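The values are calculated or read from the model by the stated rules, or taken from the named source; none is laboratory data. Owing to the predicted nature of the structure, the values given are computational and were not obtained by experimental measurement. Cβ placement follows ideal geometry from the backbone for every residue including glycine, while neighbour counts extend to all protein chains displayed. With ligands, DNA and RNA removed, areas are computed over all heavy atoms of the protein, side chains included. Shrake-Rupley method; radii C 1.70, N 1.55, O 1.52, S 1.80 Å.
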Amino acid sequence: MSYPGVPYLVKLNSKSHLVKTAQDDPVSLQWFELDQVMDFKENSGLNILGVGYTVYLGSEYETDMLLQAAQIVYNAHLNGLVTVLWMYPRGKAVKEEKDPHLIAGAAGTAACLGTDFAKVNYPKKEGAESKEIFKEAILAAGRTKVVCAGGSSETVPAFLQQLHDQIHVSGAAGNATGRNIHQKSLSEAIRMCNAVYAITMEDASAEEALKIYNG
Amino acid sequence: MSYPGVPYLVKLNSKSHLVKTAQDDPVSLQWFELDQVMDFKENSGLNILGVGYTVYLGSEYETDMLLQAAQIVYNAHLNGLVTVLWMYPRGKAVKEEKDPHLIAGAAGTAACLGTDFAKVNYPKKEGAESKEIFKEAILAAGRTKVVCAGGSSETVPAFLQQLHDQIHVSGAAGNATGRNIHQKSLSEAIRMCNAVYAITMEDASAEEALKIYNG
Amino acid sequence: MSYPGVPYLVKLNSKSHLVKTAQDDPVSLQWFELDQVMDFKENSGLNILGVGYTVYLGSEYETDMLLQAAQIVYNAHLNGLVTVLWMYPRGKAVKEEKDPHLIAGAAGTAACLGTDFAKVNYPKKEGAESKEIFKEAILAAGRTKVVCAGGSSETVPAFLQQLHDQIHVSGAAGNATGRNIHQKSLSEAIRMCNAVYAITMEDASAEEALKIYNG
Amino acid sequence: MSYPGVPYLVKLNSKSHLVKTAQDDPVSLQWFELDQVMDFKENSGLNILGVGYTVYLGSEYETDMLLQAAQIVYNAHLNGLVTVLWMYPRGKAVKEEKDPHLIAGAAGTAACLGTDFAKVNYPKKEGAESKEIFKEAILAAGRTKVVCAGGSSETVPAFLQQLHDQIHVSGAAGNATGRNIHQKSLSEAIRMCNAVYAITMEDASAEEALKIYNG
Amino acid sequence: MSYPGVPYLVKLNSKSHLVKTAQDDPVSLQWFELDQVMDFKENSGLNILGVGYTVYLGSEYETDMLLQAAQIVYNAHLNGLVTVLWMYPRGKAVKEEKDPHLIAGAAGTAACLGTDFAKVNYPKKEGAESKEIFKEAILAAGRTKVVCAGGSSETVPAFLQQLHDQIHVSGAAGNATGRNIHQKSLSEAIRMCNAVYAITMEDASAEEALKIYNG
């Protein structure tokens, strides 16, 4: 409530990471109904523009999450909200979470669910450049826009170069940066946001963005 | 929304194929309610004529899918929609998915569920001709019409001959071709559609259809 | 819809027999609600007089089926429908499905559920006559009437004798014959129906009924 | 319906005893809603004064039964019905079903659920008198009244002595006798009821009650 | 009902401790809906100010409890009730229930759920002072206030010192004392309450509080 002007996306499910896949496949179910989000938006006056939901494709509980995702996208669009689906292949059946075909399949599934955005992991494959193999996911997503999870913290230059490649080489529609901002001091975080903004919205190169970060 | 004139069938459930039967029996639950489909039809103006749903007979979760299928057929018919049930015997209990008696049983179950169409796999049995042993399923389905899944891509002549046999020898009511069209170039796909149409709707022979495909 | 004059009983659950008890205990859940049956009766004009439901007593899923059975009997009676419960002890916990005490227990459970009719298997026990040991189930059922499942096809004389014994020795209220009719030619099936009718409704002996069957 | 004047308690769940704890933990879910009981009471004119429900504490399905019990007590009291909870510790986690502390815990749980009565097993412990160790459960139950399950049939003098001890030594509020009445002839059962009544309502000694039983 | 003036917090779930984690992960589901609590508050006239609910983070059933917790907080706040979430990491995946980072994570999860208060265990770590490592949880909880579970009974001086440290060193917002009061005589319990009050509300030292306890 301290930041009423910020545009919000309400994440509708979440889980701890205590239970590992070796013990049980991942599942995370919906906490709030769409009409509760709409009531909260009206009552709070917060600038809520969208909702998000994670689907663990390949989990033994996949079907429960797919149907909640389908309902969320359907109802969010009826209410004028943007949707983002976190599409993460995960579970005992998933050997390589960052396999480019698997990530493309996840992006394609997001498109089938009708979401505006899919958030996926940046693919990795030995002997291939991520920025090239990521194009398959962009293509598979059709009209659904794709953004990458930020992943664990890296060096700032490497992070900015990767972000630039995702957007300006692979064709991602933006970014979903978390820990690379949250795990910095406030001053660094603000400069990081500005650097990210420059790449995403103003076509800055990684080098230009780094200058912004360095102040 | 780009093809408002095309007649649509809305598939109401789906799953990834990441979890194999050896790990867990297949289950795929309903994503949308019938009244959501009807609302969407009215709001979108799309030409939605039917709904589809997959039942994995022989899965440990069979009962969940059978009851959803029963409800979908009942409600679709109240709303004037045609129904197609994908009837696939699958699970640890199913040793031979293409056994002709099993497929006939699946077709008969579809009839019990009251669906207009059942989509089944084309049976296979050593020493028997598929087009002959498939007749058992057509018979078991009674007034429910039967169509075959297209299966994996084959050579075009083999595919067209098989399609012809299913319809004009076994008595199938049509076909459900996917990958044999989608995995071709646009030009080939259009000619394949025309060839399929000729066999299905105009009683063309496989040879005549092949000429159409070859342009 | 071809036989609008026939009195119908709508079976409200069913399952395939692909998953054996050794793999998982049996479960079969309700496909239609009572008010859907009543709507269908009114809309179709069919002569629907009753509903049926199978309970697998001794299954690990028994509790799910018991509560659906209770609800079905309650709501059917509110709507003026007759109820038949198929009461089959089955599951890993059930060693002898035809044990006379177990079948009597199933009949007694049916009475607790308030059903009009219970359909049970004809008990078998080495050194005992089925027609005698079946009396325990008739007694346990109290005011609930008991009918026997027809079982697999037998010779016609044996079948008719058994039917006669169930009704006129043990005290069954009728019969539930399926495969012994369905697996015959139309002409034989009609004569079999007449023979069954003679025993059930007209106190014919097995020999008299056999003459009817033989035409 | 033959005994409209008898005060009834409607038991809302039940199960067979076919599945043993070694195979799966016990679960028994609610068959009827409270408003169905109230409708039935009004429609039937039967003298329904209360409802009952069994909770298997220590079962892996305990949480399902606890929440149904809580709802039943809440709704029954809103409708002016008395409640009895059968509180039975049972499941793989329960080694000694008749441990006095465990039974006291079950009685205390019943009190937390707000029920009027808890039905528990009479505790047993080597070297201790049941009538003494049972006092712990009476105390733990607070304002909830406690009655004992009758248990398997015993000799009449032993049964009556035990009943007397439960009520007049331990402080039980009454008794819940079943098999010790049902498994007798009608004449013996009536005399047993009179004997039980004398102990429970008229402070008769076990010897006086035995005289009543012996006629 | 004997204490109408006391402010009450209604705990909405609970379980026995019979099933240990080695057998099955912990789960405890909601017994009453928020509108039932509100109806009860109005009908009883009791001074109900809040509701509580336990979440076992790291349990295989975590997702069921997280969504109930989210709904409870949302609906409680709509109804003007304060919320307390018992946040206990527990299950086969949790090796050290009192690990300070884990408890901080639990407190942070409580903040994500929007609860007013989180009740957590006091962290323990070899070579570290609990009052110091507990600060991480206070920080992680943000605007959610944190209180500690009282734990098993200890000596009075040790208990009071610990309570003082939690509140006045670590920054806890109060305390949730149970067994250290309930397992004392009435007179001791009242003096203990006064001692706890002095520390919590009047900034008394542990020594001053002990004097109050000693009367």
In square angstrom, rounded to the nearest 10, how much accessible surface does B:LYS125 have for a 1.4 Å probe?
110 Å²
Reported to the nearest 10 Å², C:ASP25 has, with a 1.4 Å probe, an accessible area equal to 10 Å²
Position D:TYR197, label points 7 Å along Cα→Cβ, spacing to each other copy in nm (shortest first, one decimal)
5.4, 5.4, 8.8, 8.8
Determine the shielding of peptide E:5-16 by partner chains: average, over its residues, the number of Cβ atoms on other chains within 10 angstrom of each Cβ.
3
I need the phi-derived Karplus couplings for the range A:193-209: 6.51 cos²θ - 1.76 cosθ + 1.60, θ = phi - 60°, integer Hz, Gly and Pro marked x.
4, 5, 5, 4, 4, 4, 5, 6, 9, 10, 6, 5, 7, 4, 5, 4, 5
For the protein assembly as shown, alpha-carbon Rg over 2.2 N^0.38 Å:
1.10
With the contact rule set at Cα under 8 Å and sequence spacing of 6 or more, what percent relative contact order holds for chain E?
14 percent
What are the radius of gyration and Dmax of the range C:1-120, computed over its Cα atoms and given in Å?
15.1, 45
Kindly provide the Kirkwood hydrodynamic radius of the range D:86-167 in Å, to one decimal, from all pairs of distinct alpha carbon atoms.
12.9 Å
How many percent of Cα pairs in the range A:116-215 exceed 21 Å?
30 percent
To the nearest 20 Debye, how big is the dipole of the protein assembly as shown about its Cα centre, given +1 on the beta carbon of each Lys and Arg and -1 on that of each Asp and Glu?
700 debye
Run the label-point distances for B:HIS168 please: 7 Å along Cα to Cβ, every other copy, nanometres, shortest first.
6.0, 6.0, 9.7, 9.7
Other chains near E:72-81: what is the mean number of their Cβ atoms within 10 Å of each residue's Cβ?
1
In nm to one decimal, list the spacings between the E:ASP35 label point and its equivalents in the other copies, with label points set 7 Å along Cα to Cβ, shortest first.
1.1, 1.1, 1.7, 1.7
Cα convex hull volume per residue for chain E (Å³):
134 Å³
The answer for C:VAL146, listing residues at least 5 apart or on another chain whose modeled amide H is closer than 5 Å to its amide H, is C:ALA118, C:ALA173
Dipole moment magnitude, nearest 20 debye, chain A about Cα centre, only Lys, Arg, Asp, Glu C-beta charged
260 debye
Hey, what do the phi angles of the range B:26-31 turn into as Karplus ³J(HN,Hα) couplings, whole Hz, using 6.51/-1.76/1.60 and θ = phi - 60°, x for Gly and Pro?
x, 8, 8, 9, 5, 8
Per residue, how much accessible area does the range A:65-194 have with a 1.4 Å probe, in Å²?
44 Å²
7 Å from Cα along Cα→Cβ at both E:GLU132 and A:LEU139: what's the point-to-point distance in nm?
5.8 nm
Keeping every protein chain in place, order D:SER28, E:SER16 by accessible area at 1.4 Å, biggest value first, i.e. largest first.
E:SER16, D:SER28
Between chains C and D, what is the buried accessible area in Å², counting both sides, with a 1.4 Å probe and ligands, DNA and RNA left out, to the nearest 100?
1500 Å²
From largest accessible area down, sort E:GLU96, D:GLU42; use a 1.4 Å probe on the protein chains.
D:GLU42, E:GLU96
Quick one: Karplus J couplings for the range D:4-19, per residue in order, coefficients 6.51, -1.76, 1.60, θ = phi - 60°, nearest Hz, x for Gly and Pro?
x, x, 6, x, 10, 10, 8, 7, 9, 9, 5, 7, 7, 10, 6, 7
Cα-Cα over 25 Å, subset of A:LYS20/A:LYS119; B:LYS95/D:LYS15; C:LYS119/C:LYS211:
B:LYS95/D:LYS15; C:LYS119/C:LYS211
Got a sec? What order do A:SER187, D:SER59 fall in by accessible area at 1.4 Å, biggest, i.e. largest, first?
A:SER187, D:SER59
Reduced to Cα centres, the span from the range B:52-74 to the range B:115-168 in Å works out to 22 Å
Within 10 Å of each Cβ in D:23-32, how many Cβ atoms from other chains are there, averaged over the peptide?
5
At 1.002 mPa s and 20 °C, Stokes D of the range E:83-123 from Kirkwood alpha-carbon radius, µm² per second:
209 µm²/s
